[in-house]
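Right, one structure below, let's go through it.
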Amino acid sequence: MAKSSGKRKVRRHVSRGIVHVKSTFNNTMVTITDLAGETLCWASSGTVGFKGTRKSTPFAAQRAGETAASAARKFGIGEVEIRVKGPGSGRESAIAGLQSGGLRIVSIEDVTPLPHNGCRPARKRRV
């Protein structure tokens, strides 16, 4: 019988964290990190149980925010800074889900990358 190495996963206690909300046209990802940027927990519309086009709805983003907030409460996180990225429809509703999950929001910042006339954009779609 194989013997375990003796290392156990230690649950960290963090009082303040950063929530990264990445909202695309197809999904919404909510990642909660400590102040150093180490990932503590995460949730997305897909992991909550939505499939296909329902992943991109605001309701799915809200449920992902609530799931991530409940996982973050286990680490002792009480207040968070929010950094929102992307053009999707789940931006505001993910924040509402975090708030209803019991986290106190300190600040909200938009970190969507905008080019300063960098790369040439993709061609326009012809549908």
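Tell me the Kirkwood hydrodynamic radius of segment 72-127 in angstroms, computed as one over the mean inverse distance between distinct C-alpha pairs. Could you put the intermediate results ahead of the total?
Details: mean 1/r = 0.0714 Å⁻¹.
When all Cα pairs of segment 72-127 are included, the Kirkwood radius is 14.0 Å.
Once you list every other residue whose beta carbon is under 9 Å from the beta carbon of Thr28, what net charge do they have if Lys and Arg are +1 and Asp and Glu are -1? Working shown, then result.
On the way: positive: Lys22, Lys55, Arg91; negative: none.
Here the count lands on +3.
With the cut-off at 1.5 for a/c, could you classify segment 28-82 from its C-alpha gyration tensor as rounded, prolate or oblate? Mind showing how you got there, number by number?
On the way: a/c = 2.47, a/b = 2.21, b/c = 1.12.
Prolate.
Report, to the nearest whole %, how much of the accessible area of the chain belongs to carbon and sulfur atoms, 1.4 Å probe, protein only.
Working: 4640 of 8910 Å².
Solvent-exposed carbon and sulfur of the chain make up 52 percent of the total.
With every protein chain left in place and a probe of 1.4 Å, what is the accessible surface of Asp110, to the nearest 10 Å²?
Around 90 Å² of this residue is reachable by solvent.
What nm distance separates the two modelled labels at Lys74 and His13, each placed 7 Å from Cα along Cα→Cβ?
1.7 nm
Compute and list, largest first, the equivalent-ellipsoid semi-axes of the chain from the alpha carbon gyration tensor, each √(5λ) rounded to a whole angstrom.
They are 29, 18, 17 Å, listed from largest to smallest.
The values are calculated or read from the model by the stated rules, or taken from the named source; none is laboratory data. This structure is a prediction, so every number in the text was calculated from the model and none was measured. Every residue, glycine among them, receives a Cβ derived from its backbone with ideal geometry; neighbour counts consider all protein chains shown. Remember, those area values only see protein heavy atoms, side chains included, never the ligands or the DNA or RNA. Shrake-Rupley method; radii C 1.70, N 1.55, O 1.52, S 1.80 Å.
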